[in-house]
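The next block holds one structure in the form of structure tokens; read it before the comments.
The values are calculated or read from the model by the stated rules, or taken from the named source; none is laboratory data. Because the structure is predicted, anything quoted here is derived from the model rather than measured. In this analysis, Cβ positions are derived from the backbone assuming ideal geometry, glycine residues included, and neighbour counts consider all displayed protein chains. Surface areas here come from the heavy atoms of the whole protein model, side chains and all, with no ligands, DNA or RNA. Shrake-Rupley method; radii C 1.70, N 1.55, O 1.52, S 1.80 Å.
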Amino acid sequence: MFHLQGSQVLQMLEKSLRKSLPESLKVYGTIFHMNQGNPFKLKALVDKWPDFTTVVTRPQEEEMADDFDHYTNTYQIYSKNPQNCQEFLGVSSVINWKQHLQIQSTQSSLNEVIQNLAAANLVKVNQQQGIMYTMPERASKLLPSLLEAKNLPLESGRAKTINQEMFKLSSLDVTHAALVNKFWYFGGNERSQRFIERCIQTFPTFCLLGPEGTLVSWSLMDQTGEIRMGGTVPEHRARGLISYLMDIHIRALDKLDYPTYYHTFTSNKSIQKMSHSLGHIRMPCDWNQWHCVPL
């Protein structure tokens, strides 16, 4: 196992992972942000260097002090050989199976290995899968072959305008975290709220404020480059607010050259409809998250 440190080595890793997109996207996005100052204090582990097979990004040990905080205790994994990375992932200094944790990857082929390791460590696993999207402008930079193979447009559409007298474009404040947490599918507890607060304080965010200056719609990203939390309060839904907001957010992040993407579940037809209306591209791989709890 090698712990990669130093900007030059991490930039080499980022460049190498870029060649393995989209399967490496979760890890690539994380390494990208590590190379932008590493605001989440993460580290990168590889099985060998420079000819690595498997990469794991995870927090530094001191960041993982709460054994029950799976929002912080999150690992991103990419492997060039998913069927044969079990030995590396089984090393105790790579993944701490004694904690509540999450594993994220854009490789559903890792499922068998993760299930085997969980069983060996007496850990219960809940896997969730989703559809991933990105904008054509980002795909043309990171995945030009995808656009060419499917003869897809090079530019996304624009969202419909909204009543800008009623809704004011702004950025999220940490005091907004409680409302975001209330409506986040994966949230609703104190640990998720702390994670949301950290994301608001760290990354570019966008929101819409209503006539009284209250939060009505929001969009924010996590440490992997994914727009992870977006929503609108129930009384203002079906007005195109989240579509308008995500369009602005994604374009702003694209100007910063961020590897921006997002996911939704197959059951969420409204977000899929929004994605198609904006001309966003469905990625050829799945979004995967394994929630692991020691028995």
Environment charge at L253 (Cβ cut-off 12 Å; Lys +1, Arg +1, Asp -1, Glu -1): -2
Gain upon complete extension [M166, E63; 0.36 nm per residue less C-alpha separation]: 32.9 nm
Tilt relative to the chain, helix 111-120 - C-alpha long axis, 0 to 90 degrees, to 10: 60
Rounded to 10°, Cα long-axis angle of helix 25-34 versus longest principal axis of the chain: 90
Probe 1.4 Å - accessible area at H3, Å² to nearest ten: 70
The chain: angle of helix 7-18 to the longest principal axis, Cα-based, in degrees nearest 10: 80
Distribution of pairwise C-alpha distances over the stretch 15-63, 10 Å bins, in %: 25, 57, 18, 0
Cα Rg, Dmax, the stretch 217-265, angstrom units: 11.2, 34
Å³ per residue enclosed by the Cα convex hull of the stretch 157-278: 109
Placed amide H near Y261: partners under 5 Å, 5+ positions off or other chain: I227
Restraint check, K19/K168; K168/K255; K168/K273; K80/K141; K41/K80; K41/K98, Cα-Cα greater than 30 Å: K19/K168
Carbon + sulfur, % of accessible area of the stretch 2-132 - ligands and nucleic acids excluded, 1.4 Å: 44
Amide H within-cut-off set for V123, under 5 Å, with H built and near neighbours excluded: L295
Efficiency of FRET from Cβ geometry, K80 and S7, R₀ 22 Å, rounded to 0.05: 0.40
Heavy-atom accessible area per residue - the chain, 1.4 Å, Å²: 46
Whole-Hz ³J(HN,Hα) from phi, Karplus 6.51 cos²θ - 1.76 cosθ + 1.60, for the stretch 55-62, glycine and proline x: 10, 10, 10, 7, x, 5, 3, 5
Karplus 3J(HN,Hα) series, Hz, for the stretch 277-286 with 6.51 cos²θ - 1.76 cosθ + 1.60 (x for Gly, Pro): 5, 7, x, 6, 9, 6, 6, x, 9, 8
Derived scalar couplings ³J(HN,Hα) [the stretch 124-135; Karplus, 6.51 cos²θ - 1.76 cosθ + 1.60; whole Hz; x for Gly, Pro]: 8, 10, 10, 8, 10, 10, x, 8, 10, 10, 9, 8
Length-normalised contact order of the chain in % [C-alpha pairs under 8 Å, at least 6 apart]: 24
Apportionment of accessible area to carbon and sulfur, the stretch 157-278, percent (1.4 Å): 49
Compactness index (Cα Rg / 2.2 N^0.38 Å), the stretch 2-132: 0.99
Taking the convex hull of Cα positions in the chain, its mean projected area over all directions (nm²): 15.0
